[in-house]
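Enquirer: Can you read through this structure? Questions will come right after.
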Amino acid sequence: MAVLPEREQQIISAHAPFICQVVESSQNLERRPEYEALLQTAEESGWTSLVSAIRKIAAGQRELNAIKGLDEEDRVIAEAIMRGLQDPATLPDPDNRPDPALAAPGLASMILAASRGNVEALTLISNMAEQMSRVGGPMARLAAVIRPLINGERDPKRLCKGMDSQTEHVLLGILEELRQPEMN
């Protein structure tokens, strides 16, 4: 399997269960109801463009125009599904969770873009924060500081209050990324 850029690997790892479910259920007529329910849930979650691309890919379209117009995250997911349909050996491990520390650069760039008024970034980071809140525990604590970060809060003592060491490590990584000259 070709080595993908780190950011793409993180996206694939984060969505591995979805990618595997789509590939496995789309190819089995007996699992068609499961496939349709999966896509309906994705559509209701705001992934209408991705679902449209998945339907084209599952119907046999393997050209890149099937994924034309998708944002980066949706494009990476669609490409992973396309690869998985062509060669199941390329499917990600659905039990392998992404390393949260590697998420800092991506989160920092979305926070910065959202703070500058980028609606797509604000929507994406808000959806992520909502999902993190639902998970609860340390993820909910991290989700709680997303809005203050977008609003410009950078005080680590204030932001890290009540976090466990791993979540604090992730937050400090985000703050470090936000301090990088190329981010400003």
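The values are calculated or read from the model by the stated rules, or taken from the named source; none is laboratory data. Model, not experiment: these values are computed from the prediction. Because the Cβ atoms are built from the backbone with ideal geometry, glycine has one as well, and the counts that use them run over all protein chains shown.
Enquirer: Consider the stretch 116-164. How many of its residues are in a helix (DSSP H, G or I), over 28 Å from Asp71 (Cβ atoms) and modelled with pLDDT of 90 or more?
Expert: Counting residues in the stretch 116-164 that are in a helix (DSSP H, G or I), over 28 Å from Asp71 (Cβ atoms) and modelled with pLDDT of 90 or more gives 4.
Enquirer: Given (1) in the same structural domain as Gln10 (by TED's automatic domain parsing); (2) in contact with an Asp or Glu (Cβ under 8 Å, 6 or more places away or on another chain), where does Ala143 come up short, assuming only one miss?
Expert: (1)
Enquirer: Here is a follow-up. Residue by residue through the stretch 127-141, note down the ones that are of a type in the set (Gly, Ala, Ser), over 14 Å from the mean Cα position of the chain (by Cα) and surrounded by 11 or more Cβ atoms within 10 Å (Cβ to Cβ). Before the answer, list the steps.
Expert: Here is the first cut: in the stretch 127-141, the residues of a type in the set (Gly, Ala, Ser) are 129, 133, 136-137, 140.
The next check asks that each one be over 14 Å from the mean Cα position of the chain (by Cα); those that pass are 133, 136-137, 140.
Residues satisfying the conditions are Ser133, Ala140.
Enquirer: Checking the structure you have, find out if any residue of the stretch 79-90 is at pLDDT 80 or above, part of a loop (DSSP other than H, G, I, E, B) and over 18 Å from Pro148 (Cβ atoms). Before you say what the answer is, go through the steps one by one.
Expert: Start the filter on the stretch 79-90 by keeping residues that are at pLDDT 80 or above, which leaves 79-90.
Okay, now just the ones that are also part of a loop (DSSP other than H, G, I, E, B), so 87.
Still in the running and over 18 Å from Pro148 (Cβ atoms): 87.
Yes, the stretch 79-90 contains at least one residue that is at pLDDT 80 or above, part of a loop (DSSP other than H, G, I, E, B) and over 18 Å from Pro148 (Cβ atoms).
Enquirer: Let me ask something additional. Right, Met128: out of contact with any Cys (no Cβ under 8 Å at 6 or more places or on another chain) and over 24 Å from Ser52 (Cα atoms) or not?
Expert: Values: out of contact with any Cys (no Cβ under 8 Å at 6 or more places or on another chain): yes; over 24 Å from Ser52 (Cα atoms): no.
No; evaluated as a whole, the condition is false for this residue.
Enquirer: Mind checking which pairs have a first residue in the stretch 29-44 that is more than 15 Å from Pro17 (Cα to Cα) and a second that is among the aliphatic types (A, V, I, L, M), Cβ under 6 Å, 6 or more apart or different chains?
Expert: What qualifies is Glu43/Val51.
Enquirer: Something else: In this structure, does Glu30 turn out to be surrounded by 12 or more Cβ atoms within 10 Å (Cβ to Cβ) and either touching a strand residue (DSSP E or B) at 6+ places or on another chain (Cβ under 8 Å) or not β-branched (Val, Ile, Thr) (or both)?
Expert: On the way: surrounded by 12 or more Cβ atoms within 10 Å (Cβ to Cβ): no; either touching a strand residue (DSSP E or B) at 6+ places or on another chain (Cβ under 8 Å) or not β-branched (Val, Ile, Thr) (or both): yes.
For Glu30, the condition - surrounded by 12 or more Cβ atoms within 10 Å (Cβ to Cβ) and either touching a strand residue (DSSP E or B) at 6+ places or on another chain (Cβ under 8 Å) or not β-branched (Val, Ile, Thr) (or both) - is not met.
Enquirer: Got a number for residues in the stretch 19-47 being closer than 23 Å to Leu122 by Cα and modelled with pLDDT of 90 or more?
Expert: Looking only at the stretch 19-47, we keep the residues that are closer than 23 Å to Leu122 by Cα, and these are 41-47.
Applying the additional criterion that residues be modelled with pLDDT of 90 or more yields none.
Number satisfying all stated conditions: 0.
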